[in-house]
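For reference, the structure discussed in these notes is given below.
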Amino acid sequence: MINVALLGIIRRWYIRDHISIREIARRLDISRNTVRRYIRSDAIEPAYPARHSPSSLDEFAPRLSAWLSAESVKSQKQRRTLKQMFLDLKELGYEGSYDRVAAFGRRWKVGQMERVKSASKSTLGHTYRKLLCVAFDMAVVRAHLGEKFPRFVYHDGVLESLDDRKKENLLTVVRRYADLGLQPVITLIDSDLPVRAEDDAAVFTAGEIIATLHDEGDQGRIFKMRGW
């Protein structure tokens, strides 16, 4: 049976982007013979959007997406497999098959790759320029560590527009500089936080948060003045 969504992805990568069969098989976690079968198939991609039928996985899709995002920033050895996630979902009440979970995982992975690829060159350039600026600022402060030089460095909105893996990696670097005796400070809004699974630790500990700003009272203001 030919999956038309997968058919379009495989043909686009192979014909338009000139990606090898081996690489496509690796990206989608399927066999090379399956890739060849899709490439040689006489099936035609439909010009209309595919219908979505209710699935037993729908209720658990947000949680599974969060798990996949959280696992993607870990090293290969530390990641949970889709099989392990399937068993965890069963513990939470999922009654569907593993094949649905595996198919969801493939679609999620393809979506992530397409999203990164579709980012414009200017956006990617902005991201790396921002990271280079952050790295330069902290490197300058570190180079003068032990001298009469400021140890404080501040960056506003540093996580904005970064993907979750870069956010996690950047926070790891920031913490390493803090351990050296520097004082890196960043500001962000809730939507800039990297996505983590519900059972994972919070992104920041209470000791790492200097101030939480909000409109619910005087304590949420950065300047202590009368409201208007």
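The values are calculated or read from the model by the stated rules, or taken from the named source; none is laboratory data. As the structure is a computational prediction, the values presented were derived from the model and not from experiment. Here the Cβ is made from the backbone with ideal geometry for all residues, glycine too, and neighbour counts use every protein chain on show.
With the condition kept exactly as written, say whether any residue in region 163-185 is free of Cβ contacts under 8 Å to residues at least 12 places away in the same chain, exposed (fewer than 10 other Cβ atoms within 10 Å of the Cβ) and under 30 Å from Asp88 (Cα atoms). Scanning region 163-185 turns up no residue that is free of Cβ contacts under 8 Å to residues at least 12 places away in the same chain, exposed (fewer than 10 other Cβ atoms within 10 Å of the Cβ) and under 30 Å from Asp88 (Cα atoms).
Can you find, within region 192-228, the residue that is modelled with the highest pLDDT among those that are part of a helix (DSSP H, G or I) and either in the same structural domain as Lys74 (by TED's automatic domain parsing) or surrounded by 10 or more Cβ atoms within 10 Å (Cβ to Cβ) (or both)?
First, pick out the residues of region 192-228 that are part of a helix (DSSP H, G or I): 192, 206-208, 218-220.
Filter once more, keeping what is either in the same structural domain as Lys74 (by TED's automatic domain parsing) or surrounded by 10 or more Cβ atoms within 10 Å (Cβ to Cβ) (or both): 192, 208, 219-220.
On the way: Asp192: 86, Glu208: 90, Gln219: 75, Gly220: 75.
Out of the qualifying residues, it is Glu208.
Within region 67-98, how many residues are in a helix (DSSP H, G or I), surrounded by fewer than 16 Cβ atoms within 10 Å (Cβ to Cβ) and at pLDDT below 90? Residues meeting the conditions: 0. Close Cβ contacts (under 6 Å, 6 or more residues apart or on different chains) running from residues in region 150-162 that are in contact (Cβ under 8 Å) with a residue 12 or more places away in the chain and outside the structural domain of Ile186 (by TED's automatic domain parsing) to residues that are outside any loop (DSSP other than H, G, I, E, B) and among the hydrophobic types (A, V, I, L, M, F, W, C) are absent. Taken together, the residues in region 15-32 that are closer than 15 Å to Met113 by Cα, free of Cβ contacts under 8 Å to residues at least 40 places away in the same chain and assigned to a helix (DSSP H, G or I) amount to 4.
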